[in-house]
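> Would you mind keeping the following structure in view while I ask a few things?
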Amino acid sequence: MTDKRLHIGIMGAGAIGAYVGGRLVAKAEAKVTFNGRRALANAVAENGLTLRDFDQEDHLDATKIRIEEDPRLLSSCDAVFCCVKAGATAEVGETLANVLEPTTVVVSLQNG
């Protein structure tokens, strides 16, 4: 059976990226691949991911979150949310241009 869900990538799984991607997993049950630092991957592997806002909290088990350090693993995504600090946008844009298909939708959620 083929997975028909939209495959979404999160480039920059920090505070913004982890929250947005986590919400997509929790509410839309989307297939999400996160690109982030090893420290975050280790923390999520140990504790899962808790998403909090002013009126809601969700906890995602570690098995529902895939955090990778290699941006090439975003190459199969249908859409990628770029959630890096503004100063890193040009560098990350070049990285994504080298790994994504030309038809991949990229959405920038600027931070800092």
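> If only one of ALA15, ALA45, ALA26, ALA41 is within 22 Å of LEU109 (Cα to Cα) and either open to solvent by 50 Å² or more (accessible area, probe 1.4 Å) or within 10 Å of the chain's Cα centre (by Cα) (or both), which one is it? Steps first, answer last, please.
Numbers: ALA45 fails: within 22 Å of LEU109 (Cα to Cα); ALA26 fails: either open to solvent by 50 Å² or more (accessible area, probe 1.4 Å) or within 10 Å of the chain's Cα centre (by Cα) (or both); ALA41 fails: either open to solvent by 50 Å² or more (accessible area, probe 1.4 Å) or within 10 Å of the chain's Cα centre (by Cα) (or both).
On inspection, the qualifying residue turns out to be ALA15.
> Every residue in segment 72-81 that is in a helix (DSSP H, G or I) and open to solvent by less than 50 Å² (accessible area, probe 1.4 Å), please.
Answer for segment 72-81, where residues must be in a helix (DSSP H, G or I) and open to solvent by less than 50 Å² (accessible area, probe 1.4 Å): just LEU74.
> Still on this structure: Within segment 48-66, restricting attention to residues that are part of a loop (DSSP other than H, G, I, E, B) and farther than 27 Å from LEU100 by Cα, which residue is most open to solvent (accessible area, probe 1.4 Å)? Steps first, please.
Taking segment 48-66 first, the residues part of a loop (DSSP other than H, G, I, E, B) are 48, 54-55, 61, 65.
With the extra rule that they be farther than 27 Å from LEU100 by Cα, the set shrinks to 48, 54-55, 61.
Values: GLY48: 12, PHE54: 196, ASP55: 115, ASP61: 82 Å².
Only one residue fits best here, namely PHE54.
> Here is a follow-up. Report yes if GLU69 is within 23 Å of ALA97 (Cβ to Cβ), open to solvent by 80 Å² or more (accessible area, probe 1.4 Å) and of a type outside the set (Gly, Ala, Ser), otherwise no. Lay out the reasoning, then the answer.
Working: within 23 Å of ALA97 (Cβ to Cβ): yes; open to solvent by 80 Å² or more (accessible area, probe 1.4 Å): yes; of a type outside the set (Gly, Ala, Ser): yes.
Spelling it out, GLU69 is indeed within 23 Å of ALA97 (Cβ to Cβ), open to solvent by 80 Å² or more (accessible area, probe 1.4 Å) and of a type outside the set (Gly, Ala, Ser).
> Any idea which of (1) touching a strand residue (DSSP E or B) at 6+ places or on another chain (Cβ under 8 Å); (2) of a type in the set (D, E, K, R); (3) part of a loop (DSSP other than H, G, I, E, B) is the one GLU101 doesn't satisfy?
(1)
> Another question, if that's okay. Could you check how many residues of segment 82-94 are free of Cβ contacts under 8 Å to residues at least 40 places away in the same chain and open to solvent by less than 80 Å² (accessible area, probe 1.4 Å)?
4
> Answer yes if at least one residue in segment 9-16 is touching a strand residue (DSSP E or B) at 6+ places or on another chain (Cβ under 8 Å), of a type in the set (A, V, I, L, M, F, W, C), touching a residue at least 60 places away in the same chain (Cβ under 8 Å) and assigned to a loop (DSSP other than H, G, I, E, B), and no otherwise. Walk me through how you get there before you give the answer.
Of segment 9-16, the ones touching a strand residue (DSSP E or B) at 6+ places or on another chain (Cβ under 8 Å) are 9-16.
Keeping just the survivors that are of a type in the set (A, V, I, L, M, F, W, C) gives 10-11, 13, 15-16.
Subsequent filtering for residues that are touching a residue at least 60 places away in the same chain (Cβ under 8 Å) retains 10-11, 13, 15-16.
Of the ones still in play, those that are also assigned to a loop (DSSP other than H, G, I, E, B) are 13.
Within segment 9-16 (the criterion being touching a strand residue (DSSP E or B) at 6+ places or on another chain (Cβ under 8 Å), of a type in the set (A, V, I, L, M, F, W, C), touching a residue at least 60 places away in the same chain (Cβ under 8 Å) and assigned to a loop (DSSP other than H, G, I, E, B)), the answer is yes, since at least one residue qualifies.
The values are calculated or read from the model by the stated rules, or taken from the named source; none is laboratory data. The shown structure was predicted, so the numbers you read here are calculated from the model rather than taken from an experiment. Cβ sites come from the backbone with ideal geometry, for glycine too, and all protein chains shown count toward neighbours. Accessible surface areas use protein heavy atoms only, side chains included; no ligands, DNA or RNA. Shrake-Rupley method; radii C 1.70, N 1.55, O 1.52, S 1.80 Å.
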